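Report on the structure given below.
Where a number appears in this text, it was derived from the coordinates with a stated rule and is not lab data. All values derive from a computational prediction rather than experimental measurement. For neighbour counting, all protein chains shown are included, and Cβ atoms are generated from backbone atoms with ideal geometry for every residue, glycine included.
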């Protein structure tokens with residue numbers, strides 16, 4: 001009886017802690033949105049973060065996009081040739097990249113490449129008391145440090161996802177058309193006939209915007225909330241990557257369920 | 001880091017991202033399609049085009065000589081109007097015939113052109129008179145069934 005009570009108490013304690021943290025994260029998010037004026041007025045602050053989150057992620061996004069497209073083309077050809085419809089490779093490539101792989105894989109790469117860096121930077125600023133020093137100087141650290149990093153990441157993410165999809169289709173084109181020798185016109189024409197701008201491409205962009213906001217929110221919050229020790233910062237960085245990867249996959253399922261089932265979708 | 005270098009890179013990044021979106025919308029999603037080489041347009045009417053798609057290849061003797069540019073419907077004759085963009089390098093006699101063929105059993109459909117014997121050549125805006133429809137599998141099966149049924153009746157008598 002006593003053990004059962006202790007178990008339920010510990011469960012309740014954990015749930016309370018989670019709700020408290022979620023509430024703090026939400027309040028933090030809205031406070032940051034309200035104090036984003038500085039990030040927009042002094043756009044150079046945000047520009048710097050776009051450089052660090054977006055431009056420096058270009059290599060990994062483009063290279064992995066091309067390779068994902070190339071592998072997809074090889075594997076897709078392997079299966080499609082059994083049915084004598086290898087020209088459908090274009091459809092397979094474009095739909096899987098634009099709808100799912102572009103936003104999701106680019107989001108996962110972005111979370112581990114840029115999200116972890118944001119968390120580590122903010123966490124270290126907190127550990128070395130730079131954030132406290134800013135507060136002493138009556139500079140709002142959320143407006144000056146957090147909001148530009150959030151917006152820089154949130155702006156970069158949809159562009160990176162679009163680049164990932166384009167690189168993937170280019171990689172698939174290289175393998176499918178140039179190497180295997182599928183008819184180029186059929187490759188593009190079947191792709192264009194199957195891909196709908198509104199239903200597929202716009203939905204993919206919406207997904208990448210949502211993932212960008214989620215990853216950057218988690219990254220800046222974990223950094224701001226990190227215990228100001230070396231151990232705390234490393235733990236926060238790990239939590240950013242794990243939580244934002246799980247958030248991307250969960251949000252992807254929810255968004256896909258809303259977008260691609262139930263009548264005419266979004 | 002130098003300010004202008006960073007601005008340059010962010011500008012390149014933003015331009016590349018927007019270009020990728022444009023590529024997805026135009027080339028992958030076909031918001032608008034552009035043509036490159038010199039072509040001439042020829043029209044064909046079919047009773048049934050099956051699963052023919054815009055930009056499907058037009059082949060003669062197995063060689064791609066053009067693309068399907070447009071597929072429309074003529075509500076007077078109830079026929080499909082298919083406009084072909086033929087490569088300017090290839091000329092065909094004006095009594096050539098067009099038929100809709102299938103690559104493999106389940107493959108994509110394309111238009112096959114068979115050259116005629118006329119000395120006059122097809123020009124832009126001409127119409128190919130002789131056209132053979134796509135084979136619709138259901139009709140074929142229907143015909144086969146009725147002929148089988150007729151055979152069966154004949155045998156039992």
Springs between alpha-carbon pairs under 10 angstrom, Gaussian network model over chain A: which of A:149, A:82, A:41 fluctuates most? A:82
Could you order the peptides A:223-233, A:43-53 from most to least packed, using the average number of other C-beta atoms within 10 Å per residue? A:43-53, A:223-233
What is the spin-label model distance, in nm, from residue B:144 to residue A:230 if the labels are put 7 Å beyond Cα along the C-beta direction? 7.7
What shape does segment A:21-138 have by the C-alpha gyration tensor, where a ≥ b ≥ c are the square roots of the eigenvalues, rounded means a/c under 1.5, and otherwise prolate means a/b greater than b/c and oblate the rest? prolate
For a quick protection proxy, order the peptides B:10-19, A:3-12 by their average other-Cβ count within 10 Å, most packed first. B:10-19, A:3-12
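Using a ≥ b ≥ c from the Cα gyration tensor of segment A:17-64 (square roots of the eigenvalues), is it rounded, prolate or oblate, where a/c under 1.5 gives rounded and otherwise the larger of a/b and b/c decides, a/b for prolate? Walk me through the numbers on the way to the answer.
Working: a/c = 5.22, a/b = 1.45, b/c = 3.60.
In terms of gyration-tensor shape, oblate.
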Nearest-0.05 FRET efficiency for residue B:70 and residue A:242 at R0 = 41 Å, using Cβ-Cβ distance, is 0.20
Could you give the angle, 0 to 90 degrees to the nearest 10, between helix B:3-23's Cα long axis and the longest principal axis of the Cα atoms of chain B? 10
How shielded is B:62-75 by partner chains, expressed as the average number of their Cβ atoms within 10 Å of its Cβ atoms? 1
Quotient of Cα radius of gyration and Kirkwood radius for segment B:39-141, i.e. Rg/Rh, equals 0.95
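Using only the alpha carbon atoms of segment A:35-260, find the Kirkwood hydrodynamic radius as the inverse mean reciprocal pair distance, in angstroms to one decimal. The partial results should precede the final answer.
On the way: mean 1/r = 0.0537 Å⁻¹.
Final number for the Kirkwood radius of segment A:35-260 is 18.6 Å.
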I'd like to compare B:59-71, A:210-222: which one has the highest average count of other Cβ atoms within 10 Å, and what's the full order after that? A:210-222, B:59-71
Rounded to the nearest 10 degrees, what's the angle between the helix B:137-156 long axis and the longest principal axis of chain B, both from Cα atoms, 0 to 90? 20
Taking the Cα-to-Cβ direction at residue A:31 and at residue A:100 and moving 7 Å from each Cα, how far apart do the two end points lie in nm? 4.0
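Roughly how crowded by other chains is peptide B:51-60, in terms of the mean Cβ count from those chains within 10 Å of each of its Cβ atoms?
3
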Could you identify which residue out of B:141, B:100, B:111 has the top mean-square fluctuation in a GNM of chain B using Cα springs shorter than 10 Å? B:141
Expected max-MSF residue from B:144, B:92, B:46 in the GNM of chain B (alpha carbon, under 10 Å) is B:144
Counting partner chain Cβ atoms within 10 Å of every residue's Cβ in A:162-169, what's the average? 5
Could you give the angle, 0 to 90 degrees to the nearest 10, between helix A:43-53's Cα long axis and the longest principal axis of the Cα atoms of chain A? 60
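In deg cm²/dmol, rounded to 500, what helix-only [θ] at 222 nm does the protein assembly as shown give when every DSSP H run of at least 4 residues adds -39500 (n - 2.57) and the total is split over its residues?
Details: 14 runs with 240 residues, N = 423.
Per the formula, -19000 deg cm²/dmol.
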Per Stokes-Einstein, at 10 °C and 1.306 mPa s, what whole-number D in µm² s⁻¹ belongs to the protein assembly as shown, with the Kirkwood radius over Cα pairs as the hydrodynamic radius? 62
